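Okay, structure first, notes after.
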Amino acid sequence: ETSNVEKIRWSSGNFPSLYTLAVEEDKYGRIWCGSYAGLVCYDPQTKSVDYFPSEDYKFEGVLSICPVGDSLFFLGTNNGLWKWDINRSQAIQILKSCLKHPVSSILSLKDSLLICGHNKGLTTIKLQELFEGRESFREFNFYNGFPGMIPDQNSAYLDSRGNYWVSGMDRLCLIRADLLWHEEEPLRIQYTKVNGKFLEYGQEIAFSNSGKSISIEFDVIGNLRPIEQKFRYRIIGKTSWSDWF
């Protein structure tokens, strides 16, 4: 028995050579292909092709595609995560304050949690809160056991038992997908230096007993990103706490 292989070729000058990095189908049966040049939409029924070049939509190539609902794709690109409305052909960047690097894989957990693998680790995003205009997310990186992904290595998988598998720089990682979110895990601050002097590890607040100015260095440990970093100070026995700034 012989099989027919259909070769789909692009004719647009914007896509002279399409290296396909991701493929996805929408509810209309159209095939969407991601490449370094952008997006291509192919309709098998009409044999028509639509082109969406990266330079027209500000995303830098398309490394991965994840459908959510009937009319929405999330795109992993070389410059972060984008939301793509397939009906309006509209692209909006998501988490642009912290996800600026290549996002190699995107998977949706029951249309509730978006799991993004990138070269810094993993970022998980609550979809319902995202649709309500809030950016609620957690980060997992080499501090808590997840190495980054090699760009273009978009191998990630959710199996039938609820396990999330993802390839890293030098290993294969496995974790229960429902553990990729922690509701009430506080950030922990570890002070490292005061006025350039190293501190031993401890939970105490930072003090300085000399000089007219103070510089503090610290690490923040946890799965949340401290987007709004605020500080206040006091001179013990002389002033009350300052306003947050």
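The values are calculated or read from the model by the stated rules, or taken from the named source; none is laboratory data. From a predicted model like this one, the values you see are computed outputs, not experimental measurements. Positions of Cβ are generated from backbone atoms using ideal geometry, with glycine treated the same way; all protein chains shown enter the neighbour counts. Side chains included, ligands, DNA and RNA excluded: accessible areas come from the protein's heavy atoms. Shrake-Rupley method; radii C 1.70, N 1.55, O 1.52, S 1.80 Å.
Criterion first (closer than 19 Å to Ser155 by Cβ and either over 9 Å from the mean Cα position of the chain (by Cα) or surrounded by fewer than 20 Cβ atoms within 10 Å (Cβ to Cβ) (or both)) does Leu81 satisfy it? Steps first, answer last, please.
Details: closer than 19 Å to Ser155 by Cβ: yes; either over 9 Å from the mean Cα position of the chain (by Cα) or surrounded by fewer than 20 Cβ atoms within 10 Å (Cβ to Cβ) (or both): no.
The answer is no for Leu81.
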For Ile92, which of the numbered conditions (1) open to solvent by 10 Å² or more (accessible area, probe 1.4 Å); (2) on the phi > 0 side of the Ramachandran plot fails to hold?
(2)
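Per-residue answers, yes or no, for (1) more than 18 Å from Met149 (Cβ to Cβ); (2) open to solvent by 40 Å² or more (accessible area, probe 1.4 Å); (3) of a type in the set (A, V, I, L, M):
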position	(1), (2), (3)
Arg88	yes, yes, no
Ser108	no, no, no
Asp111	yes, yes, no
Asn119	no, yes, no
Leu122	no, no, yes
Leu127	yes, no, yes
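Of all residues being charged (D, E, K, R) and within 17 Å of Ile94 (Cα to Cα) in region 42-63, which is least open to solvent (accessible area, probe 1.4 Å)? Just the residue, please.
Of all residues in region 42-63, those charged (D, E, K, R) come to 43, 47, 50, 55-56, 58, 60.
Now restrict to residues that are within 17 Å of Ile94 (Cα to Cα): 58, 60.
On the way: Lys58: 143, Glu60: 104 Å².
Ranking the candidates gives Glu60 first.
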Checked region 17-50 for anything under 16 Å from Thr77 (Cα atoms), at pLDDT below 90 and of a type in the set (Val, Ile, Thr); matches are Thr20
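Consider Ser64 carefully, then state whether it is hydroxyl-bearing (Ser, Thr, Tyr), touching a residue at least 12 places away in the same chain (Cβ under 8 Å) and touching a Gly at 6+ places or on another chain (Cβ under 8 Å).
The answer is yes for Ser64.
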Of everything in region 186-198 that's at pLDDT 80 or above and in a loop (DSSP other than H, G, I, E, B), which residue is surrounded by the most Cβ atoms within 10 Å (Cβ to Cβ)?
Asn195
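Surrounded by fewer than 20 Cβ atoms within 10 Å (Cβ to Cβ) and within 14 Å of the chain's Cα centre (by Cα): which single residue out of Ser97, Ser71 fits that description? Don't jump to the end; show me each part of the working.
On the way: Ser71 fails: within 14 Å of the chain's Cα centre (by Cα).
After ruling out the rest, the residue left standing is Ser97.
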List the pairs whose first member sits in region 91-117 and is free of Cβ contacts under 8 Å to residues at least 24 places away in the same chain and under 16 Å from Phe59 (Cα atoms), whose second member is outside any loop (DSSP other than H, G, I, E, B) and open to solvent by 10 Å² or more (accessible area, probe 1.4 Å), and whose Cβ atoms are under 7 Å apart, counting only residues at least 6 apart or on separate chains?
Ile92/Trp82; Ile92/Lys83
Test: residue in region 203-217 that is open to solvent by 100 Å² or more (accessible area, probe 1.4 Å), more than 18 Å from the chain's Cα centre (by Cα) and at pLDDT 80 or above:
no
